[in-house]
Amino acid sequence: MRECIRMRMQSSRRTDRDLRRRFCRGICCALTLLAGILLTSCGGEEEVPKKTRTELILWHYWDIPAMRQKLTQLAEEYNASQDQVTIEPEYVPDEDFRKTLALAAADGRLPDLVLADCSDVRYFDRMSPLADLSEVVDRGEYLDQALELCEREDGTLIGLPLGLNCLTLYYNKGILQRSGVKPPQTFQEFLSAAKAMTSGQVYGCGFAGLISEETTYSFLPILWNYGADLKNLDTPEGEAAFNFLKELVQSGAVSKSAANMTMSDVARQFSKGNIAMIFAASGKMEYYFKQNPQLRYAQIRIPGAENRTSVIGGEVLVVPDQARREKALDFIRFLAQPQQIKSYLEAAGYLSPRRDVLEWQMEKNPERKKERYALEHARMREQVEYWPAISIALAETVNQTILQNEPQDAWQKLADRIDQIRGEYDEGE
């Protein structure tokens, strides 16, 4: 009997030990499982691969802080709207823009997007073909003038028009009143007014004279309103246009330092009251007017004959036709939306190339109807692939005229040089 009880007790102890061992093993397994879960949770960022974004580079030449900030803001808004692409804006100085882009094309390292001056679209397309945007941009939403700036000769759309402007004359109301002159309507009136307002530290007229597209843009309306053009330069009208600029410099109404000034430089000096009148585009003026809200100014058409004309300017976003063009085109779609165009124009000060947004601008600020009227009577620069060569030739002649280094027959030498450029291009075709 005792033996039976002892055997039962031993069996019970073995069962207890087995249960304890099983319980401990269960606890260990549970702790191991829990630790694994915790480690997986803590190290999840390493275990689950992140989505990699494609970085697209966008080159631009905006030299005004507010405009650069707006481009950065639009890029950030697009970056936040999707997880595939990151747009990275990069600044290239305007005077170096064409050269830098040409070198990049030669080296096979073009950016993915380019914010270009509208006069350079065909030149860039010849340098390195641009993507066709016909399926991305709805032509019916845009002004015909805007579309013409973005087309190949065969009508293929190769750019998104972002903004339009044209050159007008801005004058300081206070200086005009103190000098007893009226806003000039003709070039002769302009010369008289500029001379009358030149006194002390104040120059009667400011002019962009640095060798760049801005100088060509500033001088073309003078040439046109005298009755000449770049195909009809060796004429009395062409001579009169250059003599107009010479007289401004020789009289002291335009400083020789203008030869080193950009349009932004001229606008800055105008906003400070150091220049009485300037030829400028609205896109350059908005920022500086905000810096000096006390400035009393007015805006009128470029002086000239009865049918006064100006020059159309603006910016176009283009996409080099390369491997990542489809991703870049998605950014084009984003910027083409009305709300993005409005945001861009608020900072840039341009007129909208979109019909619906342009009407919104006119309702919001009726004063801008003056710019729209001027735009309707403005001309385009030559839409040719070799435009930069012609433009630089003209800008160099204007620059040397301001410095008074040009010979008396400057317009004739320029005419010969432009004929040579056209001939070389025709021979190269």
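Might you check whether a residue that is closer than 21 Å to GLN188 by Cβ, among the hydroxyl-bearing types (Ser, Thr, Tyr) and touching a helix residue (DSSP H, G or I) at 6+ places or on another chain (Cβ under 6 Å) occurs anywhere in the range 251-272?
There is at least one residue in the range 251-272 that is closer than 21 Å to GLN188 by Cβ, among the hydroxyl-bearing types (Ser, Thr, Tyr) and touching a helix residue (DSSP H, G or I) at 6+ places or on another chain (Cβ under 6 Å).
Working only within the range 370-409, note down all residues that are at pLDDT below 90 and within 26 Å of the chain's Cα centre (by Cα).
LYS370, GLU371, ARG372, TYR373, ALA374, LEU375, GLU376, HIS377
In the range 345-365, is there at least one residue being among the charged types (D, E, K, R) and surrounded by 18 or more Cβ atoms within 10 Å (Cβ to Cβ)?
Yes; the residues of the range 345-365 include at least one that is among the charged types (D, E, K, R) and surrounded by 18 or more Cβ atoms within 10 Å (Cβ to Cβ).
May I ask you to verify whether ALA280 is surrounded by fewer than 24 Cβ atoms within 10 Å (Cβ to Cβ), modelled with pLDDT under 95 and either under 17 Å from the mean Cα position of the chain (by Cα) or small (Gly, Ala, Ser) (or both)?
Values: surrounded by fewer than 24 Cβ atoms within 10 Å (Cβ to Cβ): no; modelled with pLDDT under 95: yes; either under 17 Å from the mean Cα position of the chain (by Cα) or small (Gly, Ala, Ser) (or both): yes.
No: the conditions fail for ALA280.
Whether any residue in the range 375-392 is over 25 Å from ASN260 (Cα atoms), open to solvent by 10 Å² or more (accessible area, probe 1.4 Å) and in a helix (DSSP H, G or I) is what I want to check.
yes
Per-residue answers, yes or no, for (1) basic (Lys, Arg); (2) open to solvent by 60 Å² or more (accessible area, probe 1.4 Å); (3) in contact (Cβ under 8 Å) with a residue 12 or more places away in the chain; (4) not in a loop (DSSP other than H, G, I, E, B):
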residue: TYR288; (1), (2), (3), (4): no, no, yes, yes
residue: PRO293; (1), (2), (3), (4): no, yes, no, no
residue: ALA298; (1), (2), (3), (4): no, no, yes, yes
residue: ALA305; (1), (2), (3), (4): no, yes, yes, no
residue: ARG308; (1), (2), (3), (4): yes, no, yes, no
residue: VAL311; (1), (2), (3), (4): no, no, yes, yes
residue: GLU315; (1), (2), (3), (4): no, no, yes, yes
residue: ALA323; (1), (2), (3), (4): no, yes, no, no
residue: GLU326; (1), (2), (3), (4): no, yes, no, yes
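Quick check on this structure: which one of LEU101, LEU74, LEU133 is surrounded by 18 or more Cβ atoms within 10 Å (Cβ to Cβ), part of a helix (DSSP H, G or I) and modelled with pLDDT of 95 or more? Step through it out loud before you land on a result.
Details: LEU101 fails: modelled with pLDDT of 95 or more; LEU133 fails: part of a helix (DSSP H, G or I).
Only one candidate qualifies: LEU74.
Let me confirm something: among LEU160, LEU167, which residue is modelled with pLDDT under 95 and surrounded by 17 or more Cβ atoms within 10 Å (Cβ to Cβ)?
Result of the check over LEU160, LEU167: LEU167.
Can you name the number of the only condition in (1) farther than 27 Å from ARG372 by Cα; (2) in contact with a helix residue (DSSP H, G or I) (Cβ under 6 Å, 6 or more places away or on another chain); (3) assigned to a helix (DSSP H, G or I) that THR215 fails?
Going through (1) farther than 27 Å from ARG372 by Cα; (2) in contact with a helix residue (DSSP H, G or I) (Cβ under 6 Å, 6 or more places away or on another chain); (3) assigned to a helix (DSSP H, G or I) one by one, THR215 breaks only (1).
Inside the range 256-277, can you point out the residues that are of a type in the set (Gly, Ala, Ser), surrounded by fewer than 20 Cβ atoms within 10 Å (Cβ to Cβ) and not in a helix (DSSP H, G or I)?
GLY273
Check GLU346, GLU359 and return the single one that is under 19 Å from the mean Cα position of the chain (by Cα), acidic (Asp, Glu) and farther than 30 Å from GLY423 by Cβ.
Matching residue, one of GLU346, GLU359: GLU346.
Give the residue, chosen from GLU88, GLU95, GLU141, that is more than 18 Å from VAL319 (Cα to Cα), modelled with pLDDT of 95 or more and not hydrophobic (A, V, I, L, M, F, W, C).
Step by step, each of GLU88, GLU95, GLU141 is checked, and only GLU141 is more than 18 Å from VAL319 (Cα to Cα), modelled with pLDDT of 95 or more and not hydrophobic (A, V, I, L, M, F, W, C).
Can you tell me which residue within the range 78-94, out of those that are part of a helix (DSSP H, G or I) and without any contact (Cβ under 8 Å) to a residue 40 or more places away in the chain, is most open to solvent (accessible area, probe 1.4 Å)? Break it down stepwise before answering.
As a first pass, look at the range 78-94 and keep what is part of a helix (DSSP H, G or I): 78-81, 94.
Right, trim to without any contact (Cβ under 8 Å) to a residue 40 or more places away in the chain and you get 79-80.
Numbers: ASN79: 26, ALA80: 89 Å².
Selected residue: ALA80.
State which residue is least open to solvent (accessible area, probe 1.4 Å) when the search covers only the range 170-182 and only residues that are within 31 Å of the chain's Cα centre (by Cα) and of a type outside the set (Phe, Trp, Tyr).
As a first pass, look at the range 170-182 and keep what is within 31 Å of the chain's Cα centre (by Cα): 170-173.
Narrowing further to those that are of a type outside the set (Phe, Trp, Tyr): 172-173.
Numbers: ASN172: 15, LYS173: 79 Å².
For the range 170-182, the residue satisfying everything is ASN172.
Let me confirm something: among VAL136, VAL202, which residue is under 19 Å from PRO338 (Cβ atoms) and hydrophobic (A, V, I, L, M, F, W, C)?
VAL136
Of all residues in the range 100-115, count the ones that are in contact with a helix residue (DSSP H, G or I) (Cβ under 6 Å, 6 or more places away or on another chain) and closer than 23 Å to PHE334 by Cβ.
Number satisfying all stated conditions: 3.
With the condition kept exactly as written, say whether any residue in the range 357-366 is closer than 30 Å to ILE57 by Cα and not in a strand (DSSP E or B). Show your work before the answer.
Kept after step one, since they are closer than 30 Å to ILE57 by Cα, are these residues of the range 357-366: 357-358.
The next check asks that each one be not in a strand (DSSP E or B); those that pass are 357-358.
Yes; the residues of the range 357-366 include at least one that is closer than 30 Å to ILE57 by Cα and not in a strand (DSSP E or B).
Which pairs turn up if I take residues in the range 365-386 that are at negative phi and look for partners that are open to solvent by 80 Å² or more (accessible area, probe 1.4 Å) and of a type outside the set (A, V, I, L, M) with beta carbon separation below 7 Å, at least 6 apart in sequence or on another chain?
Pairs found: MET380/GLU148; GLU385/ARG126.
Hey, among the residues in the range 345-356 that are part of a helix (DSSP H, G or I) and at pLDDT below 90, which one's nearest to PHE331 (Cα to Cα)?
That would be LEU345.
The values are calculated or read from the model by the stated rules, or taken from the named source; none is laboratory data. Keep in mind that what you see is a predicted model, and the values were worked out from it rather than measured. FYI the Cβ positions are ideal-geometry reconstructions off the backbone, even for glycines, and counts take in every protein chain you see. Only protein heavy atoms, including side chains, enter the accessible area calculation; ligands, DNA and RNA are left aside. Shrake-Rupley method; radii C 1.70, N 1.55, O 1.52, S 1.80 Å.
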